[in-house]
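Enquirer: Quick one: structure below, then a few questions.
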Amino acid sequence: MTKIIGRAESRSVTGIRTPRPTLAQIAETAGVSISTVSKVLNGRDDVSTDTRAKVDSALRQHQYTRRGVSLSASAVRALDLVMSGLDGSWPASVASGLEAAAYEAGVHVVISAARSGASANNRGAQDWVDRVVERGSAGVVLGLIEPTPHQLTRLRQARIPIVVIDPLSDPPPDVVSVGTTNWAGAYEATTHLLDRGHRRIALVTGPPHHLYARARTAGYRSAMSAAGIDGDPAMIRYGTYDRASGAEQVRALCELPEPPTALFICSDHMAIGGYEALAAAGLRVPEDVSVVGFDDLPEARWVSPALTTVRQPLKDMGGSALRTLLRLMNGDEPESPRVELATTLVVRDSTAHRD
């Protein structure tokens, strides 16, 4: 199911739901800065007694409670955001959204990386879970990481709740995940190219064992089938979501006896690599080959021509994961094990009608 978590509301003494007060409103009433309100909410000791009293009075006046965390818990432990890597626009956007939600909720977040390629048998796979458990983290959000059964057991034994953003495979039933409508986004992207008269549409996607790569491949196949086009295995290529693999796979597609007239590349980074391969082959975008990406990273607007792409609400994914984690910490049962946020096709200059 698709579930978008919105702004919390509070109930007034009249029983009518009213908008939840913001930290800015609390700060204005108390005559202090937003950062000072946050310090009081986190139980920091670098606030004077008089200032703390003013903030506490403003909190009571506005009947303020944290999202998912009782205000009486004046010293909430730090939460963790652990990602497969911290380089690039994707993790930066997710972390930005999560940090903003954490700031509004008055909790601290420790951000760290667990590099890809680690296995359960080497130290790299254990580093992040060791750090989280030893620090006594209150909860963990994982981004593009597939925790091993051993790691999940350690978290459960330590009573540390977990939320996974874009899991690489189906998580266990008791693990909540946050993602986007990958199938629908891929279907819309492929349909966009079909509507412009393209029939030889190639797909460059991620590793076939990744959950979201499989969903995007299925969306592409469904759109092609709905248009009455038989699938050509040579038109589907698997990369690793980086620029170099995008260039490599597009280069191979250009060498086919009947190369594609359009490319749906399931990552903006791979699409930029695809641009480079097309230019090296003497092909123009979109005059010779139309291109659609996936993610809507800032780079999609910087390339020339600007890239048509499927937008993932990355900041909202981070914020949604944080708010979901806070509810789990508060003992609330999740309404669904999967939260999906809607994707949107952003049409720019990299696609054109086929003559």
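The values are calculated or read from the model by the stated rules, or taken from the named source; none is laboratory data. If you're wondering where the values come from, they're calculated on a predicted model, not measured in any experiment. Every residue, glycine among them, receives a Cβ derived from its backbone with ideal geometry; neighbour counts consider all protein chains shown. Ligands, DNA and RNA are excluded from the accessible area calculation, which covers all protein heavy atoms including side chains. Shrake-Rupley method; radii C 1.70, N 1.55, O 1.52, S 1.80 Å.
Enquirer: For residue 242, state whether it is free of Cβ contacts under 8 Å to residues at least 12 places away in the same chain, open to solvent by 20 Å² or more (accessible area, probe 1.4 Å) and either under 19 Å from residue 273 (Cβ atoms) or charged (D, E, K, R) (or both). Steps first, answer last, please.
Expert: Details: free of Cβ contacts under 8 Å to residues at least 12 places away in the same chain: no; open to solvent by 20 Å² or more (accessible area, probe 1.4 Å): yes; either under 19 Å from residue 273 (Cβ atoms) or charged (D, E, K, R) (or both): yes.
Spelling it out, it is not the case that residue 242 is free of Cβ contacts under 8 Å to residues at least 12 places away in the same chain, open to solvent by 20 Å² or more (accessible area, probe 1.4 Å) and either under 19 Å from residue 273 (Cβ atoms) or charged (D, E, K, R) (or both).
Enquirer: A further question on this structure: Within the set of pairs 6+ apart or on separate chains, which have a first residue in region 220-234 that is among the basic types (Lys, Arg), a second that is not in a helix (DSSP H, G or I), and C-beta atoms under 9 Å apart?
Expert: Pairs that qualify, where the first residue is among the basic types (Lys, Arg) and the partner is not in a helix (DSSP H, G or I), are 221/203; 221/231; 221/236.
Enquirer: For region 294-352, what are the residues that are touching a strand residue (DSSP E or B) at 6+ places or on another chain (Cβ under 6 Å), over 23 Å from residue 96 (Cβ atoms) and small (Gly, Ala, Ser)?
Expert: 350, 352
Enquirer: Right, something else. Based on this model, can you work out whether residue 55 counts as modelled with pLDDT of 85 or more and either surrounded by 16 or more Cβ atoms within 10 Å (Cβ to Cβ) or not in a loop (DSSP other than H, G, I, E, B) (or both)?
Expert: Numbers: modelled with pLDDT of 85 or more: no; either surrounded by 16 or more Cβ atoms within 10 Å (Cβ to Cβ) or not in a loop (DSSP other than H, G, I, E, B) (or both): yes.
Considered against the rule, which asks whether it is modelled with pLDDT of 85 or more and either surrounded by 16 or more Cβ atoms within 10 Å (Cβ to Cβ) or not in a loop (DSSP other than H, G, I, E, B) (or both), residue 55 comes out as no.
Enquirer: If residue 265 satisfies all but one of (1) under 16 Å from residue 299 (Cβ atoms); (2) surrounded by fewer than 24 Cβ atoms within 10 Å (Cβ to Cβ); (3) of a type in the set (Val, Ile, Thr), what's the number of the condition it fails?
Expert: Here residue 265 clears every test but (2).
Enquirer: So is residue 201 more than 18 Å from residue 144 (Cα to Cα) and crowded, with 21+ Cβ neighbours inside 10 Å or not?
Expert: Yes, satisfied.
Enquirer: Among the residues of region 309-337, write down those that are among the polar types (S, T, N, Q) and either open to solvent by 30 Å² or more (accessible area, probe 1.4 Å) or within 30 Å of residue 285 (Cβ to Cβ) (or both).
Expert: 309, 312, 330
Enquirer: Quick one: would you say residue 231 is at negative phi, of a type outside the set (Phe, Trp, Tyr) and crowded, with 21+ Cβ neighbours inside 10 Å?
Expert: Against the criterion (at negative phi, of a type outside the set (Phe, Trp, Tyr) and crowded, with 21+ Cβ neighbours inside 10 Å), residue 231 does not qualify.
Enquirer: Among the numbered conditions (1) in contact with a Pro (Cβ under 7 Å, 6 or more places away or on another chain); (2) crowded, with 24+ Cβ neighbours inside 10 Å, tell me where residue 211 comes up short.
Expert: Against the list (1) in contact with a Pro (Cβ under 7 Å, 6 or more places away or on another chain); (2) crowded, with 24+ Cβ neighbours inside 10 Å, residue 211 comes up short only on (2).
Enquirer: Hey, could you check region 20-34 for residues that are hydrophobic (A, V, I, L, M, F, W, C) and farther than 11 Å from residue 61 by Cβ and say which is nearest to the chain's Cα centre (by Cα)?
Expert: 23
Enquirer: Report those strands (runs of 3 or more DSSP E) wholly inside region 249-355 carrying at least 3 residues which are over 19 Å from the mean Cα position of the chain (by Cα).
Expert: Because the criterion is at least 3 residues that are over 19 Å from the mean Cα position of the chain (by Cα), the strands (runs of 3 or more DSSP E) in region 249-355 that meet it are 262-265, 290-295.
Enquirer: State which residue pairs qualify: first residue among the small types (Gly, Ala, Ser) and inside region 182-202, second residue modelled with pLDDT under 95 and open to solvent by 40 Å² or more (accessible area, probe 1.4 Å) in any location, beta carbons under 6 Å apart, and separation of 6 or more residues or different chains.
Expert: Note: pairs meeting the criteria are 197/354.
Enquirer: Would you check which residues across region 80-94 are under 10 Å from residue 113 (Cβ atoms) and among the β-branched types (Val, Ile, Thr) and list them?
Expert: The answer is 82, and nothing else.
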